[in-house]
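Notes to accompany the following structure.
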Amino acid sequence: MKAQDVLPDGQDFTVINGQTLRKGSVGAFLANVRILEDAHAPDADKRAAEQDMATLIPTLDALGLFDVFELRSPTLRDEVARLRGHGSALSPSPAAASPRA
């Protein structure tokens with residue numbers, strides 16, 4: 001599957017499992033992660049990145065991002081789990097936790 005099969009040229013968003021996925025959502029999430037993990041980033045930038053991540057997480061959940069990709073940083077796993085409203089951290093290897101048929 002190609003990117004244009006998911007989101008055709010000229011279309012800025014799609015709806016997946018009731019969540020609006022805008023073009024750039026995954027890229028924005030990654031940019032916010034970089035800010036949060038930057039030891040030299042100002043606190044105000046980190047707070048803004050955390051708020052932006054919190055709004056993106058439901059969409060990325062609907063997309064299935066956290067079911068497929070491992071968040072390598074334990075701190076990031078805990079933060080995403082907290083923002084998702086889950087009591088426990090994400091599995092360090094979510095794909096390995098799913099039994100295969």
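Only the coordinates and a few stated rules stand behind these numbers; no lab work does. Given the structure is predicted, the values throughout are model-derived calculations rather than measurements. Cβ atoms come from the backbone with ideal geometry, glycine included; neighbour counts cover every protein chain shown.
Side notes on the structure shown:
- Taking the conditions (1) part of a helix (DSSP H, G or I); (2) out of contact with any Leu (no Cβ under 8 Å at 6 or more places or on another chain); (3) of a type in the set (Lys, Arg) in turn, Arg72 satisfies each one other than (1).
- Test: residue in the range 53-66 that is loosely packed, with under 14 Cβ neighbours inside 10 Å, assigned to a helix (DSSP H, G or I) and among the charged types (D, E, K, R): no
- For the range 1-40, the tally of residues that are loosely packed, with under 14 Cβ neighbours inside 10 Å, hydrophobic (A, V, I, L, M, F, W, C) and in a loop (DSSP other than H, G, I, E, B) stands at 2.
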